[in-house]
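The values are calculated or read from the model by the stated rules, or taken from the named source; none is laboratory data. Nothing here was measured: the structure is a model prediction, and the numbers come from that model. Don't worry about glycine lacking a Cβ; one is built from the backbone with ideal geometry, like all the others, and counts go over all protein chains shown.
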Amino acid sequence: MLPDKQKIEEAMQTLKDAGYCVDNLWHINDVLDFYSTTVEKAQKVLYKVFTNEHVIEYINNDVVSEADKMWLTEKAVR
């Protein structure tokens, strides 16, 4: 059973307040709606997707691209 919408929004706000980006969340139903599988396997699919080296590299490259578009100054790396 899913938590009610208010609890989800409160949890998301808590994470936002802690500095996390939670504006685009994925749910196991994004897998279960299209595949006959278990909750555990659906969770594993999402885990594998979002920990995939290519996905992480793509996101990191897009962070740089968007920061450049906003003329943000890059910090010196120690």
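Data overview
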read-out: Residues satisfying the stated conditions in the stretch 57-78, i.e. outside any helix (DSSP H, G or I) and surrounded by 10 or more Cβ atoms within 10 Å (Cβ to Cβ); value: LEU72
read-out: Those residues of the stretch 18-47 which are closer than 28 Å to VAL63 by Cβ and not aliphatic (A, V, I, L, M), in sequence order; value: GLY19, TYR20, CYS21, ASP23, ASN24, TRP26, HIS27, ASN29, ASP30, GLN43, LYS44, TYR47
read-out: Residue check for GLN43: modelled with pLDDT under 95 and part of a helix (DSSP H, G or I); value: no
read-out: LEU46 in contact with a Phe, Trp or Tyr (Cβ under 8 Å, 6 or more places away or on another chain) and of a type in the set (A, V, I, L, M); value: yes
read-out: All positions within the stretch 39-56 that are more than 13 Å from the chain's Cα centre (by Cα) and exposed (fewer than 11 other Cβ atoms within 10 Å of the Cβ); value: GLU40, GLU53, HIS54
read-out: Inter-residue pairs, beta-carbon under 8 Å, first over 17 Å from ASN24 (Cα atoms) and in the stretch 56-78, second aliphatic (A, V, I, L, M), 6+ apart; value: GLU74/ALA67
read-out: Any hit, the stretch 24-34, residues being hydrophobic (A, V, I, L, M, F, W, C), in a loop (DSSP other than H, G, I, E, B) and either surrounded by 12 or more Cβ atoms within 10 Å (Cβ to Cβ) or in contact (Cβ under 8 Å) with a residue 60 or more places away in the chain (or both); value: yes
